[in-house]
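Below is one structure, written out as structure tokens; the observations come after it.
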Amino acid sequence: MITIALSKGRIFEETLPLLKAAGIEVLEDPEKSRKLILTTNQPDVRVLVVRATDVPTYVQYGGADMGITGKDTLLEHGSQGLYQPLDLQIAKCRISVAVRSDVDYANMVKKGSRLTVATKYVAISREFFATKGVHVDLIKLYGSMELAPLVGMADAIVDLVSTGNTLKANHLVEVEHIMDISSRLVVNQAALKLKQAPIRRIMDAFESALG
Ligand code: PRP
């Protein structure tokens with residue numbers, strides 16, 4: 001049995017064509033079903049539906065043999081013990097700093113200043129601002145980061161930006177591009193040894209589908 005951990009939403013949708021290239025079709029829609037273990041057309045392949053931030057954990061502890069997860073999640077939550085053979089070039093976006101459109105960011109980050117930053121990417125933010133030499137107080141949030149500057153709780157946010165529509169709708173502007181993000185295949189190292197042939201077959205199919 002090969003078990004693949006995926007999160008619902010963009011990663012799931014953009015993974016389906018890759019699975020198809022490997023001859024795997026998921027037989028249930030996670031948006032409609034409440035099942036957490038989905039069957040596929042291959043009796044020996046199943047898909048687990050997990051929270052995006054839990055994908056590396058399931059793979060690390062062997063709950064899943066492989067998974068697909070964003071570079072943001074791997075950087076923020078660690079990638080210990082995970083083999084990362086492929087950048088799948090899916091769910092592409094970027095991590096950026098954004099502020100209210102009516103504030104002067106350049107002035108905010110002047111030497112010696114202190115910035116309050118709301119984010120779910122605490123580790124990435126800490127490192128980014130440390131490299132810039134800007135002191136930051138970080139406020140950890142789990143979603144809707146865009147609200148924090150609007151209600152006076154933070155000077156800036158660090159969040160994923162894709163189309164930029166969420167920022168625009170909330171009168172925020174992107175002021176720094178921290179890094180580009182895409183999703184990676186992660187594989188449990190023991191599984192790679194014990195189930196080498198089927199895992200390699202899936203990895204090779206993904207790789208050829210990438211072109
Ligand atoms: C992400 C991110 C932004 C939004 C950006 O949230 O946190 O809110 O997408 O996309 P846009 O630039 O195309 O508007 P997501 O929908 O992934 O949900 P989340 O809040 O759970 O992270």
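Mind listing the long-range amide H neighbours of THR40? Cut-off is under 5 Å, sequence gap 5 or more, other chains count too, H placed in the peptide plane at 1.01 Å from N.
Close amide H contacts, sequence-distant or interchain: LEU27, VAL45.
By what distance, in whole Å, do the Cα atoms of region 93-181 stretch along each of the three principal axes, largest value first?
Rounded to whole Å, the extents work out to 32, 27, 21 Å.
With θ set to phi - 60° and the Karplus curve 6.51 cos²θ - 1.76 cosθ + 1.60, what are the ³J(HN,Hα) couplings of region 145-155 in order, to the nearest whole Hz, using x for Gly and Pro?
Rounded to whole hertz, the list is 4, 3, 5, 4, x, 6, 9, x, 8, 8, 7.
Applying the Karplus parametrisation 6.51 cos²θ - 1.76 cosθ + 1.60 with θ = phi - 60° to the phi angles of region 188-202, what ³J(HN,Hα) value in whole Hz is obtained for each residue in order, glycine and proline being reported as x?
So the Karplus estimates, Gly and Pro as x, are 5, 5, 5, 4, 4, 7, 6, 10, 4, 4, x, 5, 4, 4, 5 Hz.
Above 32 angstrom, tally the Cα pairs of the chain and express them as a % of all pairs, no decimals.
Values: 6078 of 22155 pairs.
Considering the chain, 27 percent of its Cα-Cα pairs are separated by more than 32 Å.
Taking a 1.4 Å probe, which of SER113, SER208, SER182 shows the most accessible area, and what order do the others take after it?
Numbers: SER113 30, SER208 85, SER182 10 Å².
The residues order as SER208, SER113, SER182, largest area first.
Write down the percent of antiparallel bridges among all DSSP beta bridges whose residues are both part of region 1-99, to the nearest 5. List each step's numbers first, then the result.
Numbers: 4 of 11 bridges.
Antiparallel: roughly 35 percent of the beta bridges in region 1-99.
Might you tell me the accessible area per residue for the chain, computed with a 1.4 Å probe and given in Å²?
Heavy-atom accessible area per residue stands at 52 Å².
Which value in nm describes the separation of the simple spin-label points at LEU75 and ARG200, placed 7 Å from the Cα toward the beta carbon?
Result: 3.3 nm between the two label points.
Kindly write out, for region 101-111 in residue order, the coupling ³J(HN,Hα) from the Karplus curve 6.51 cos²θ - 1.76 cosθ + 1.60 (θ = phi - 60°), rounded to whole Hz, with x marking Gly and Pro.
5, 9, 10, 9, 5, 4, 5, 4, 9, 4, 2
Only four residue types carry charge here, +1 at the Cβ of Lys and Arg and -1 at the Cβ of Asp and Glu. Report the dipole size of the chain about the Cα centre in Debye, rounded to the nearest 20.
Details: 25 positive and 24 negative charges, 68 e Å.
Using Cβ point charges on Lys, Arg, Asp and Glu, the chain gives about 320 debye.
Which entries of LYS140/LYS193; LYS132/LYS168; LYS32/LYS193 have Cα-Cα distances beyond 30 Å here?
Details: LYS140/LYS193 38 Å; LYS132/LYS168 26 Å; LYS32/LYS193 35 Å.
Going by Cα-Cα distance, LYS140/LYS193; LYS32/LYS193 fall outside the 30 Å limit.
The values are calculated or read from the model by the stated rules, or taken from the named source; none is laboratory data. Since the structure is predicted, the reported quantities are computational estimates derived from the model, not experimental observations. Note that each Cβ is placed from the backbone with ideal geometry, even for glycine, and that neighbours are counted across all protein chains shown. Ligands, DNA and RNA are excluded from the accessible area calculation, which covers all protein heavy atoms including side chains. Shrake-Rupley method; radii C 1.70, N 1.55, O 1.52, S 1.80 Å.
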